[in-house]
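These notes concern the structure reproduced below.
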Amino acid sequence: MSAGTLELVCPAGTPAALRAAVDAGADSVYCGFRDRTNARNYPGLNFDPEELAEGIAYAHGRGCKVLVAINTFPPAGDTGPWCLAVDRAADAGADAVILADIGLLDYATRTHPQLRRHLSVQASAANAPSIRYYRDHFGVKRVVLPRVLSIDEVSALVEETGIETEVFAFGSVGPMSEGRCFLSSYLCGVSPTSEGACAPANHVSYVESDGRVLSKLGPVTLNAFAPGEPAAYPTPCKGRYLTHGRASYLFEEPVALNALAILPELRAAGVTALKIEGRQRSRAYVTQVVGTFRQALDALARGHAVEPLLSTLRQEAEGGRETFGAYRKGWK
Amino acid sequence: MSAIAPARLTLGPLLFHWPAAKRRDFYLRIADEAPVDTVYLGEVVCSKRESAFDPYLDEAVRRLQAAGKTVVHSTLALVTTPREVRRLRESAEHGLLVEANDVACLDVLAGAPHVVGPYINVINERTRDVLASQGAIRIALPVELPEASIRTIAAGAGATAIEVQAFGRQPLSVAMRCYHARSHNLSKDHCQLVCGLDADGLTATSMAGEDVLTINGTQTLSYGYGVLLDEIERLRESGVGYFRLSPHDLDMVRVATRYRELLDRQREPAAVAAELRAMLAGRPLINGFVRGHAGMTWS
């Protein structure tokens, strides 16, 4: 990676998606084990230890790194599976682990000092002292920044801490401070924090009522829409609620983050790596989005414009609408 | 009767944006009448509210301390701007014990004795031990934890005290975005502090008409009031020593008095529940998280 270039970090929800991301030009892929230890613990996703070893061999053979997300918070009395996941990532030759829990960071630091540690977005480190805390106590080399910061704030953090930063460039938008959101467990009893699943599918239902479709999480209606009207998956922060008697997307509109048009600004801010969200998305999505961002970064490196690539990404955006999220002033 | 440590009652930080004069009167009454051992002061939710209470802060601290209460300064739960970091440093130098609600505080405090607040994820014994070794004398646990987790964390906590919230709407998320401003079609930069209009927060109702959440500026809370009642004895036996009441626009002296009686085994949990229900006038009690169910439920 030469100075001034951005590392493209891509989602690998399955071994097939990993190969697709590598083939489409990822500099790094991130993935997790098939259990509660990662924040995308959904049926049909993730890796067993053997698949991880094979994935790492495939990626390393093509100059691509593999980062293993072990980024949920181990529950009391049951931290063993999380420690084992760190051991397995180290044994498999992962290039880094992405962690959030302070106790698990401590374990990794003591047990595998040579294994590179990244701080997950789930740790919600959104300021310089927090970053220093994780850097100084646990030797964290890179911080995945929460999706709550403007470009100016990102730039100031890079300058003040000198740490590698990874920022979200494409995918879903989480308006809440991550790793500290209990909305899903409040509504349906499953904790994203320790079980790695927000609004799991087996708690989601769709009911027809008076010519409308109601989407529900647990017993609670999160949206109502006309049959055929596109609607986002019912996570609590993407629902419609009534306040002052008026229905609105109180937390976040059904939009997807797309920072492609502001890549030059992110590069100028000193960001190290761009993260594509979407371990739960299809292999075709991975190929399309990773390929487009690869082209964009190559264009950027040659001093060319990236805007011509925007239209190819539109169809992948959730609900078809895009946002710069917190990167631009006015979002808050 | 087992020989368990005395249970302390605490008053958590006021989460809502009350007018400064109302807040002053509230704390002076708490000082004079509420049987709480510790009072947390400080703005947790939004730095735009942070200076509003400054004119009365010293007086409130003095009166509470004169009444024999320990005063702890609670910090913001989400710190992002350099101004917020500066304010954090100032509060660390203020001389009061600090409740750290953002990991930033752990760097700023650099090992000095402090309380870890419920907005820092301490959900297992490994994290508890790391934080205890870095100066945490007490850890207030997140509201999401079930009873078994609380007991596991408390059981091996040694000299580090464990605190849980026993009464009040439960904090579910913090954000940069202001949902109160959004509900009034305002931007956060021009919010006019509309969060101050709702002394207990703004109700968010589902499209099917169920009251589900409470909006408080950038914070989201439960709609129901979380309560610990039957659980308290068991939690005390496992080593939980501090029980927190989160302030609401209610007679909090009465709430504190009932909880003190409950802790002293002078009143039954069912009687306290009945009285709280009457005070809440239709707003539900909930205990789903501590029971290991969906947080909004009651059983």
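For the reader, a short list of remarks on this structure follows.
- With the simple spin-label model, which puts each label point 7 Å out from Cα in the Cβ direction, the A:Ala299 to A:Ala268 separation comes to 1.8 nm.
- Cα-Cα P(r), region A:1-153, percent of pairs per 10 Å interval: 11, 41, 37, 11, 0
- Per-residue mean of foreign Cβ neighbours for A:294-300 is 0 (Cβ atoms of other chains, 10 Å radius).
- Eigenvalues of the alpha-carbon gyration tensor of region B:132-289, scaled by 5 and square-rooted, set the equivalent ellipsoid semi-axes at 30, 21, 13 angstrom, largest first.
- The stretch between A:Phe225 and A:Ala284 holds 18.5 nm of extra length on full extension. This uses 0.36 nm per residue minus the Cα-Cα distance.
- Modelled FRET efficiency - R0 30 Å, A:Ala201 with A:Ala90, Cβ distances, 0.05 increments: 0.40
- Highest-MSF residue in chain A out of A:Gly174, A:Gly93, A:Gly245 [GNM, Cα springs under 10 Å]: A:Gly245
- Calculated [θ] (222 nm, deg cm²/dmol) that DSSP helices of n ≥ 4 give over chain A, each run adding -39,500 (n - 2.57): -9500 deg cm²/dmol
- Rg/Rh, computed from the Cα trace of the protein assembly as shown with Rh as the Kirkwood radius, has the value 0.96.
- Segments B:153-159, A:32-38 sorted - mean Cβ within 10 Å per residue, highest first: A:32-38, B:153-159
- Restricting attention to the protein assembly as shown, the count of lysine pairs at 8 or more positions apart or across chains with alpha carbons under 12 Å apart stands at 4.
- Other protein chain Cβ atoms within 10 Å, averaged over every residue that makes up B:116-123: 4
- HN-Hα J in Hz across region A:129-146 - Karplus 6.51, -1.76, 1.60, θ = phi - 60°, x for Gly and Pro: x, 4, 4, 4, 4, 5, 5, 6, 8, 10, x, 5, 9, 9, 10, 7, 7, x
- Loop-located GluC sites (Glu not before Pro) in region B:92-186 whose Cβ has at most 13 other Cβ within 10 Å (DSSP): B:Glu93
- Highest GNM mean-square fluctuation among A:Gly171, A:Gly55, A:Gly218, for chain A modelled with Cα contacts below 10 Å: A:Gly218.
- Relative to one another, the C-alpha centroids of region A:117-145 and region B:100-165 are positioned 19 Å apart.
- Mean separation of Cα contacts under 8 Å, 6 or more apart, over the residue count of region A:183-248: relative contact order %: 23
- Note on A:121-127: average number of Cβ atoms from other chains within 10 Å of each residue's Cβ is 5.
- Length-normalised contact order for chain A - Cα pairs under 8 Å, 6+ apart - percent: 20
- Fluctuation leader among A:Phe138, A:Phe170, A:Phe293 - chain A, Gaussian network, Cα springs under 10 angstrom: A:Phe138
- Taking packing as the residue-averaged number of other Cβ atoms within 10 angstrom, the listed peptides B:59-66, A:219-226, A:97-104 run from highest to lowest as A:97-104, A:219-226, B:59-66.
- Proximity of backbone amide H atoms, modeled 1.01 Å from N, is registered between B:Ala204 and B:Val212, B:Leu213, B:Thr214, B:Ile215 at under 5 Å, excluding neighbours fewer than 5 places apart on the same chain.
- Dimensions (Å) - chain A, Cα atoms, principal axes, largest first: 59, 53, 39
- Where labels lie 7 Å past Cα in the beta-carbon direction, separation of A:Leu310 and A:Glu54 in nm: 4.1
- A helix-only calculation puts chain B at -10000 deg cm²/dmol for mean residue ellipticity at 222 nm, using -39500 (n - 2.57) for each DSSP H run of at least four residues, averaged over all residues.
- Relative contact order (%) - chain B, alpha-carbon pairs under 8 angstrom, separation at least six: 21
- Kirkwood Rh (inverse of mean 1/r, distinct Cα pairs), chain B, angstrom: 19.4
- For region A:227-332, the spread of Cα positions along each principal axis, largest first, Å: 53, 32, 22
- Semi-axes of the equivalent ellipsoid of region B:16-148 are 25, 18, 14 Å, computed as sqrt(5λ) over the eigenvalues of the C-alpha gyration tensor in descending order.
- Kirkwood Rh, Cα atoms: Rg over Rh of region A:183-248: 0.99
- Region B:3-34 and region B:266-299 have Cα centres spaced 21 Å apart.
- For chain B, hydrophobic long helices are taken as DSSP H runs at least 18 Å long by C-alpha position along their axis with mean Kyte-Doolittle hydropathy of -1.0 or more; these are B:20-33, B:54-66.
Rule-based calculations on the coordinates, nothing more; no lab input. Keep in mind it's a predicted model, so treat the numbers as computed, not measured. Note: ideal-geometry Cβ built from the backbone for every residue, glycine included; neighbour counts use all protein chains shown.
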